[in-house]
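Read-outs throughout are calculated quantities, based only on the coordinates presented, and are distinct from any laboratory measurement. Note that this is a predicted model, so its numbers are computed, not measured. We place every Cβ from the backbone using ideal geometry, glycine too, and count neighbours over all the protein chains shown.
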Amino acid sequence: MLKHQKSITVSPEVMVYELHNILISEGISPALPAFGIVSNSGKKTLELIGVAVFKSDKLVGFLDREESKYFCFASDKVDKGVLTEKMSPENQMSDITLEVFKSKTEVKPTYSNGKLAMDIKIRTVASIAEIGTSINYISKKWREQLKKKAEESMKTSVEKLIKKVQNEYNSDIFGFGRIVKANMPSLWKQIGQDWDNLFKTLEVNVNVDIT
């Protein structure tokens, strides 16, 4: 099911060795594919419903399919996928579907004046797959507006997701701590033991560029 749904990016595929490495590492907690039992034509069947959030080895909550998609973008786990953007120019409400060809996410820690922050840069290449309006979004004028709106939407969605995980689960499924440890080992020695408290209020800056 995970392999078949790679094209729409619902949940990350996690190998057993990856889970093992996460469990023995500092500064990261597991996020695993979550399945639910749903009714389909009167029969019960399994469906991929999103992501299960763990804190260390304990299940603490779930992300739905939409939240899971943005978790994949934030964590550089997007192979391909679909983004739907609502546009309303000239009083014409419409959905525009973008097909993602590739996406790359870079996460870097910054430390200044005693304050730690994370900078996330998401670079995505997509095409216009479906247009539900007579407006020509392929033209340069409308394409630039679509680009701006799609970038704003992804930025907002990723920021909202990170805040939810910080406030509701306080579980570093993004691996921010592990990135700090790798890039700033001396700083990690000072703050690592207090990472649970620091993660809750960690400032995260998100930058999105969709081509």
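Exposed loop positions in the chain were taken to be trypsin sites (Lys or Arg not before Pro) whose DSSP state is not H, G, I, E or B and which have at most 14 other beta-carbon atoms within 10 angstrom. Between these positions, the longest stretch is 81-211. About its Cα centre, segment 13-115 has a charge dipole of approximately 220 debye under the convention of +1 per Lys or Arg Cβ and -1 per Asp or Glu Cβ, with nothing else charged.
Assuming R0 = 22 Å, what is the FRET efficiency of SER41 and MET1, from their Cβ-Cβ distance, to the nearest 0.05?
0.75
By the rule of a C-alpha distance below 14 Å, with chain neighbours fewer than 8 residues away ignored, no aspartates and glutamates are paired with LYS140. The structure-derived value of mean projected area of the Cα convex hull in nm² appears in the list (i) 15.8; (ii) 14.3; (iii) 11.7 under the label (ii).
Bridging of LYS147 to aspartates and glutamates at a Cα separation below 17 Å is possible for GLU85, ASP95, GLU99, GLU130, ASP209, once same-chain residues fewer than 8 apart are set aside. Here segment 101-148 and segment 44-84 have alpha carbon centers that stand 20 Å from each other.
Determine the relative contact order of segment 76-210: mean sequence separation of Cα pairs under 8 Å and six or more apart, normalised by residue count, in whole percent. Mind showing how you got there, number by number?
Numbers: 192 pairs, mean separation 36.7, N = 135.
Across segment 76-210, relative contact order equals 27 percent.
With the largest listed first and rounded to whole Å, the semi-axes of the equivalent ellipsoid of segment 65-189 from the Cα gyration tensor are 34, 14, 13.
Please state the charge dipole magnitude for the chain, taken about the Cα centre, from unit charges on C-beta atoms (+1 on K and R, -1 on D and E), reported in debye and rounded to the nearest 20.
Values: 31 positive and 27 negative charges, 50 e Å.
My answer is approximately 240 debye.
Close amide-amide hydrogen proximity is noted between ALA34 and ILE49, GLY50, VAL51, ALA52, each under 5 Å apart and 5 or more residues distant or on a separate chain (H modeled in the peptide plane; Pro and chain starts excluded). A full extension of the chain between LYS86 and GLU18 corresponds to an added length of 20.9 nm, given 0.36 nm per residue minus the alpha carbon distance.
Here the spin labels are modelled as points 7 Å beyond Cα on the Cα-Cβ line, and at SER25 and ASN207 they lie 2.4 nm apart.
Remark: relative contact order (segment 1-156) = 16 percent; criterion is Cα-Cα distance under 8 angstrom and separation of 6 or more residues. Less than 20 Å apart at the alpha-carbon level, and either on another chain or at least 8 residues along: which lysines does that give for LYS164? The reachable lysines, counting only those whose Cα sits under 20 Å from LYS164, are LYS55, LYS58, LYS69, LYS77, LYS121, LYS155, LYS200.
Checking understanding here: applying a Kyte-Doolittle mean of at least 1.6 and a length along the axis of at least 18 Å (C-alpha), which whole DSSP H helices in the chain pass? Intermediate values should be presented prior to the final figure.
Numbers: long enough: 140-164 (36 Å, -1.61).
Span-like helices here: none at all.
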